[in-house]
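Below is one structure; the comments refer to it alone.
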Amino acid sequence: MTCRFVYSGAFREMAVDITLLFKASVKTVKTRNKAIGIGFDSTKDEIFKRSRTKSGFSQRAKEVITNITKLKDFLLQHRKDYISAGSLISSDLTRMTDGERDQIDQDAQIFMRTCSEAIKQLRSEVEKQAAPAQIKEHRGAVLDLVETYLRGVCKVYSEQRAIRVKRMVDKKRLSRLTPERPSRAEKTLEVEPTEEKTREESSEKSSSEVQGSSVSLWEEGRVEDELSPEEIQMFEQENQRLVSEMSSLVDEVRQIEGKVVEISRLQEIFAEKVLQQESEIDNIHQLVVGATENVKEGNEDIREAIKNNAGFRVWILFFLVMCSFSLLFLDWYDS
Amino acid sequence: MAASVREKQTVALRRMLNFNTPPLKNTAAEPVWKVLIYDRFGQDIISPLLSVKELRDMGITLHLLLHSDRDPIPDVPAIYFLMPTEENIDRICQDLRNQLYESYYLNFISAISRSKLEDIASAALAANVVSQVTKVFDQYLNFITLEDDMFILCHQNKELISYHAINRADLQDTDMEAIMDSIVDSLFCFFVTLGAVPIIRCPRGNAAEMVAVKLDKKLRENLRDARNSLFTGDSMSAGQFSFQRPLFVLADRNMDMATPLHHSWTYQALIHDVLDFHLNRVVMEEGASSEPSPGGARPKKKSKKSYDLTAADKFWQKHKGSPFPEVAESVQEELDSYRAQEDEVKRLKSIMGLEGEDEGAISMLSDNTAKLTSAVSSLPELLEKKRLIDLHTNVATAVLDHIKSRKLDVYFEYEEKLLSKSTLDKSLLDIITDPDAGTPEDKMRLFLIYYITAQQAPSESDLEQYRKALLDAGCDLSPLNYIKQWKAFTKMANPANYGNSGVKPMGLFSRVMNTGSQFVMEGVKNLVLKQHNLPVTRILDNLMEMKSHPETDDYRYFDPKMLRGSESSVPRNKNPFQEAIVFVVGGGNYIEYQNLVDYTKSKPGRKIVYGCSELFSAAQFMKQLSQLGQK
C-alpha cells in the first residue's frame, strides 16, 4: 500500500476548471460548422447592445461604491495620525492638531451624507421605473449591498471618533485640580453614556465646551476648562503672596549689596592707615633698636660704675679700716 | 480530515460563489453583485449549508430556479449551479440565445460529458456570446451534507435510488446499472471533496458489493490518470499529515430492517419521525393544538410555518441527540436563563435613570457604562436566543402532542425490549388491540419489528391471530408479505443481535419533578436510554478495530491505490482505523446516525461520518415496503 506524505497549508481546489475544454469544444464546433457551411451572425450588434446597457443604474451604483472606497482609503490613511496621542516627545510631523482632526471629521460626515443621499435617490428611481419584478428586486438588493458597505465604512469612522472623544474626556478628568463635585457629576454623566446616538451629540457638546475654555496654564495645545469664582480668588491670593515674597527677597538682596560696598570702602581706608603705620612703626623700631643699644651700653657703664664703685668702696673700706687701725695704733702707742 | 465534510463543501460553495477565486477575509471589501441560478439539485445542496442572509452577504442579489421565467438583467454576472442533464443544458442554451446576463459562470454539480459541452458551445457560437461564457467548472459536489458528519445522496428524485427501486422484483439489469452509476457518481464526488482515497470494505452478495466494485474501479481509473487526477499529491487535505486513510464501510439496508421501523426517543429522530422534516427544515402548522375546535365552529385557518434547524443553533447542536424529556427540561432552563438576562438588562435601564441623584454614581459610572455597553451589544444575541427558544418550544410542543396522542413512549419501550430480547411484560396482542395506542401504522411497525426480531417465525395460528387483530386496527398487511420474503431470503440464522439495552422507566420521583416544568409530561414515562449498538454500529466497530467476528470476516477488501486489484479479502493494514465513513445503500435514518454519534463519543479520537442513499422516515419506508409487498 502506498502512503502519501503530504503537508499543505491551503484548502485544495476541488473543482475542475474545464474552461479550456469548453474553448476547445467551441473551436471544434466552429470547424465543424465551417465544414458543414453554416454562416454566423455579424458581431456588430453585440457590441452595440453592450455599450447601450452599460450606462444607467449599475454605472451609478458603481460610482457610489468607488466614492465610498475613496472615503475608506482616506480614513485609513490618516487613521494613525488621528488616533495617536499628542505626546510632547513625538515629532511635529506626525502629530495632528485638533483643528485638523475636526476638519477630517466634518469632511467625512459630509461625504457620508452625500453617499447615503445618492443611495436613497437611486432607490426612489428604481421604485419609479417600470421594470420587471426581478430587475427591481435585483436593484434593490444591489442598493442594500452598497448601503451595508457604507455602514461598514461609517463604523470605521465612528470608532476613530469614539477613541478621540474618550481620550479628550479622560484628559479633562485628569487635568482637573480640585476633587470632583456633585455639580460636575451631572455634566460628566451626560457626557459619558455610550449609546451610539447620544455619543455623537455629546461629543459635539463636549468639543464646544472645550473650545470655550479660558485659562491655559500649559502650552497652547492643551485645553483648560472654566474656573469657578472661588478658584479665581484663590489664585489671586496666591499670586499676591508670591509677589510679596519675591519683592522682599529683592529688597534684602539690595541691602546686602550696599553693605558689601561699604565694607569694601572701609577696607580700603584700613589698608591705607595700616600702610601709614608701617612707616612709623619702622621708625619706632629703629629708635627702639637704638634705645636698646643705649640701654645696653648704659648697663655696661653701670656695671662698670658699680664695679668701680665696688672697687672704690672696697678701697675706701680698706682705708677706713686702716685708718681706724692706725688710730687704734696710735692710740695705743700713745698710751 | 481536520475540517468536516460540511465545512469543505461550504468552502467549495463559497469559492464557487466568489467566481471560483478564494474569498478574501477582508470584511470591508467592495461589494460585487451577482445572480445565482440553480436547479432543484443545486438548491438542495446549497440550502442546508448557506442561508439566504449568507448568500446576500456574498453579493448574491437574486437566486432563481433554472426552469422559472427569468427576466433579462443586463450587466450582471450570473453563476449557474446545476446538474448536467439534457433539460438543464437546453435551458442554458436558451438563456445564452436570449442573452439574459452579462457573463456566465457555469458550474456543474458532477462532471459534464464532452458532447453536452459541445452543445453549449454551439449555442454560444450561434448567439455569438462565446466571450460571455467566462468560466466552466466541474464542482464535484453531488451530495447533500446535512450535518458535520452526515450526508445523503439526493433529495430530489430519490425514488430512483430508493430501497424500493433497488429491491423490487421486476428490476432490470440496465435499471440496476443506472442506479449504481448514480450512486457511485455521488460517492466519487464525496471522496473528491473529502480529498482522501479510502479503503473500501463491503459485505458479499448484495447491492453494497456492486457499489463497492464500481467505486473501486472509478477511483482506480482516476488515480491512474496522472494528468487529471483529482487526488494529486500537492493539493491534498488541509494542514496535516495524512498517514491514515479513512475506512469506507458499505452496508446494505437488508442487513437491518428493524431500525428504520423503530420508534425513536431522541429529539432529532423524533422530529424526523413525527413532523415534516427535510434538509434541516421543519414545516409545521402554526397554532396546531390538540384541543378539538368547539362543535360547529369553523376550525381556525392554520398557517404553515417552517423553521430551520441549523448548525448555528447551539441548543439544537447540543440536544439533537438527547432523549426527549431531557430536551424538555433544557428548553425550560434556557427560558429561565433568558428571562434572568432580560431582567438584568431592564435593571440597568432603571439604574441609568437615577443619574444626578446618586452621589456615588460617579464611581459606579464606568462600571455602569461598561455594563450598558455589554447589554446593548448583547441585545441582538438575546433576541436571537429568544427566537430559538420559541422555535424549540413550538417544535417540542408539537412533538409532545404527537407522543401523547399516539402513546409513542409505550411503543418505544416495547420495541426496545423486543430488540434486546428481554422479557416482555405486555403481550403484543394487547398493544395491537388497544384502540387508542397509536395509529395503525405504529401498530404495523411494532408487529414488523416483532416479526423481524423473533428467533423463529411465530406459528401459523399466532400469525392468524395477529393478522386479524391488525386488520381490525385498520393496518395494511402488504409490508408483512415482503418481510416474510425478505426473512426467507436472507436466511438469518442469527438474526441481527441488537445488543443489550435496558429501558428503565424512571419512577414517580422524576414525574413529580417534571410536573413543575412547562411541559406537563403526565403519563409520558421518562425513559432512560441505555447505550446499545445497532447492527451497523457493531459492524463498524469490528472493522475499525480489526476485530475478528463471523459477521465481518468475509467482507471484501478494496484498496484503489494498490497497483493490482486483488480479490482477496485479507486486509493488508493491521492497524485500527481512526476515521471511517459508513454508507448504507438503500436508505438510512436518524436513529442509526444517532447511534453512530454515541459510539463515536465513547471512543475518543475517532471520526465517523454517516451517509445513506436516501433518508426516509418510518412512514415512507412502510410505504415502500407495502409497494414491494403488493407485487
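The values are calculated or read from the model by the stated rules, or taken from the named source; none is laboratory data. Keep in mind that this is a model prediction, so the values were computed, not measured. Don't worry about glycine lacking a Cβ; one is built from the backbone with ideal geometry, like all the others, and counts go over all protein chains shown.
Annotations for the structure displayed:
- Any hit, the stretch B:21-31, residues being out of contact with any Leu (no Cβ under 6 Å at 6 or more places or on another chain), of a type in the set (A, V, I, L, M), surrounded by fewer than 21 Cβ atoms within 10 Å (Cβ to Cβ) and away from chain A (no Cβ under 11 Å): yes
- Hey, A:LEU150 aliphatic (A, V, I, L, M), in a helix (DSSP H, G or I), away from chain B (no Cβ under 13 Å) and closer than 23 Å to A:ILE68 by Cα or not: no
Residues checked against (1) in the same structural domain as B:LYS607 (by the TED database); (2) surrounded by fewer than 17 Cβ atoms within 10 Å (Cβ to Cβ):
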residue: B:LEU125; (1), (2): no, no
residue: B:PHE137; (1), (2): no, no
residue: B:HIS155; (1), (2): yes, no
residue: B:ASP170; (1), (2): yes, yes
residue: B:MET180; (1), (2): yes, no
residue: B:THR193; (1), (2): yes, no
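- Just so you know, in the stretch B:74-95 the residues that are among the aliphatic types (A, V, I, L, M) and surrounded by fewer than 23 Cβ atoms within 10 Å (Cβ to Cβ) include one that is farthest from the other protein chains (Cβ to nearest Cβ), and it is B:MET83.
- Filter pass, B:LEU49 being more than 12 Å from chain A (Cβ to nearest Cβ) and modelled with pLDDT under 85: no
- Any strands (runs of 3 or more DSSP E) falling wholly within the stretch B:98-210 and containing at least 2 residues that are within 14 Å of another protein chain (Cβ to nearest Cβ) and either at negative phi or touching a Cys at 6+ places or on another chain (Cβ under 9 Å) (or both): B:103-108, B:133-138, B:199-202
- Those residues of the stretch A:93-122 which are surrounded by fewer than 15 Cβ atoms within 10 Å (Cβ to Cβ) and charged (D, E, K, R), in sequence order: A:GLU100, A:ASP102, A:ASP107, A:ARG113, A:GLU117, A:LYS120
- Filter pass, B:ARG114 being surrounded by fewer than 18 Cβ atoms within 10 Å (Cβ to Cβ) and closer than 22 Å to B:ASN589 by Cα: no
- Test for B:ILE37: is it among the aliphatic types (A, V, I, L, M), part of a helix (DSSP H, G or I), within 26 Å of B:LYS158 (Cβ to Cβ) and in contact with a Phe, Trp or Tyr (Cβ under 7 Å, 6 or more places away or on another chain): no
- Every residue from the stretch B:50-90 that is over 17 Å from B:ALA124 (Cβ atoms) and in a strand (DSSP E or B): B:ILE60, B:THR61, B:LEU62, B:HIS63, B:LEU64, B:LEU65, B:PHE81
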